[in-house]
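> I'd like to ask you about the structure that follows.
The values are calculated or read from the model by the stated rules, or taken from the named source; none is laboratory data. Please read these numbers as outputs of a predicted model, since none were measured by experiment. Heads up, the Cβs are rebuilt from the backbone with ideal geometry, glycines too, and the neighbour counts pull from every protein chain shown.
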Amino acid sequence: MSTGTKSGYVSILGRPNVGKSTFLNRVLEEKISITTSKPQTTRNRILGIYNDPDSQIVFLDTPGIHEPHKALNRYMVETALATVSDADVALVMADHLDTPDKLSVVVEPVARAAKPAVLALNKVDLMDQSGARARLEQLAAVHPFVHACAVSSTTGTGIDGLLSVVKSLLPEGPRYFPEDMITDCPVRFLCAELIREKVFTVTREEIPYATAVEIERFDEGADPVVISATIHVERPSQKAIVIGAKGSMLKEIGTQARKEIERLLGRRVFLELFVKVTKDWTKDPKRMRDLGYR
Ligand SMILES: Nc1nc2c(ncn2[C@@H]2O[C@H](COP(=O)(O)OP(=O)(O)OP(=O)(O)O)[C@@H](O)[C@H]2O)c(=O)[nH]1
Ligand SMILES: [Mg+2]
């Protein structure tokens, strides 16, 4: 029986840093997926649910596709590619720095799975009109995309149009999730991610890529909410950097993360952070599993 509702899964795929997570947050009008100016921010599949009166689009935000050299990077790329088989539509995202050869790597698994694909050239606010048109034309030639358009996830340009195209490609059927549900990510995970986001923005060089965040205590019964978390690093020298002189770096991470978590929970939060060396965890699948990358 036809319900008149369009519903389906849309995998957001692209190279690191093109704006996949920013796009998801813009569409949902909620910060579900962390975003930073550094590549390889997203490490997991982040499910975000868009609802309107006649459709439900279940977006899967994914880690950026890149050449993986470590176990963690292999995990990230495999996580992204695994979403293709679940998807009704692939939303292939590119930015002004993407070249056709780089985009080919992203569309290859989409072509193999024979999924309808839409190309979104993001960050159009950074391009002049003719530059954007030329780049879009060049990238659209890489694959028989059903549709190709330019958008800006920060200003909102082109987003509504893109959503209608995606919707039109979804099958008719009932919603997969309740209408008031926005993600399946547990709130503890979202808090750990917000702390990781601040590690990414406050620290430099290899530090963001050597860190994982584990929530040790999450007490919503307390007022303020008490959260204890451990930031895992790979080496003692990194631990010293994350702590900083007289604890200054850790304090900065904690202050910034606490504000974001308070916004997310709508409650006051007491956030306690620890730093621990978990030797070479990004190269060790077992340690990765213990830190939630499984
Ligand atoms: N000017 C501009 N910047 C954007 C736009 N979309 C995203 N950005 C910026 O691009 C950077 C990367 O954004 P993310 O959303 O984290 O990118 P991502 O594709 O999820 O990256 P990974 O998770 O590393 O794969 C951030 O600094 C964003 O603010 C846009 O439309 N315009
Ligand atoms: Mg991301």
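> Taking region 37-71 as the search range and keeping residues that are in contact (Cβ under 8 Å) with a residue 60 or more places away in the chain and more than 26 Å from Y176 (Cβ to Cβ), which one is farthest from ligand 1 (Cβ to nearest atom)?
By that ranking, first place goes to A71.
> Right, here's the next one. Looking at region 181-210 only, could you name the residues that are part of a loop (DSSP other than H, G, I, E, B), of a type in the set (D, E) and touching a residue at least 40 places away in the same chain (Cβ under 8 Å)?
Within region 181-210, just D184 meets the criteria.
> Can you tell me which of (1) touching a residue at least 40 places away in the same chain (Cβ under 8 Å); (2) under 23 Å from R74 (Cα atoms); (3) part of a strand (DSSP E or B) is the one V213 doesn't meet?
Just one mismatch for V213, condition (1).
> L91 - would you say it is within 13 Å of ligand 1 (Cβ to nearest atom), modelled with pLDDT of 95 or more, surrounded by 22 or more Cβ atoms within 10 Å (Cβ to Cβ) and outside any loop (DSSP other than H, G, I, E, B)?
yes
> If I filter region 1-26 down to residues being buried (at least 21 other Cβ atoms within 10 Å of the Cβ) and of a type in the set (A, V, I, L, M), which single residue comes out as farthest from ligand 1 (Cβ to nearest atom)?
Looking at residues that are buried (at least 21 other Cβ atoms within 10 Å of the Cβ) and of a type in the set (A, V, I, L, M), I get V10.
> With the structure loaded, tell me whether Y50 is over 14 Å from the mean Cα position of the chain (by Cα) and within 16 Å of ligand 2 (Cβ to nearest atom) or whether it fails that test.
Details: over 14 Å from the mean Cα position of the chain (by Cα): yes; within 16 Å of ligand 2 (Cβ to nearest atom): no.
So Y50 does not fit the description; no.
> Checking K102 against (1) over 23 Å from S168 (Cβ atoms); (2) in contact (Cβ under 8 Å) with a residue 60 or more places away in the chain; (3) within 16 Å of ligand 2 (Cβ to nearest atom), which single condition isn't satisfied?
(3)
> Shifting gears a bit: Residues of region 111-140 being buried (at least 18 other Cβ atoms within 10 Å of the Cβ) and not in a loop (DSSP other than H, G, I, E, B), which ones?
Result: A117, V118, L119, A120, L121, V124, A132, R135, L136, L139, A140.
> Being assigned to a helix (DSSP H, G or I), at pLDDT 95 or above and over 17 Å from V10 (Cβ atoms) narrows it down to one residue among S85, S104; which is it?
S104
> Here's a follow-up. Which pairs have Cβ atoms under 7 Å, sit 6 or more apart or on different chains, and link a residue in region 134-162 that is in the same structural domain as R112 (by TED's automatic domain parsing) and charged (D, E, K, R) to one that is modelled with pLDDT of 95 or more and away from ligand 2 (no atom under 16 Å from the Cβ)?
Within 7 Å, the pairs are R135/L121; R135/M127.
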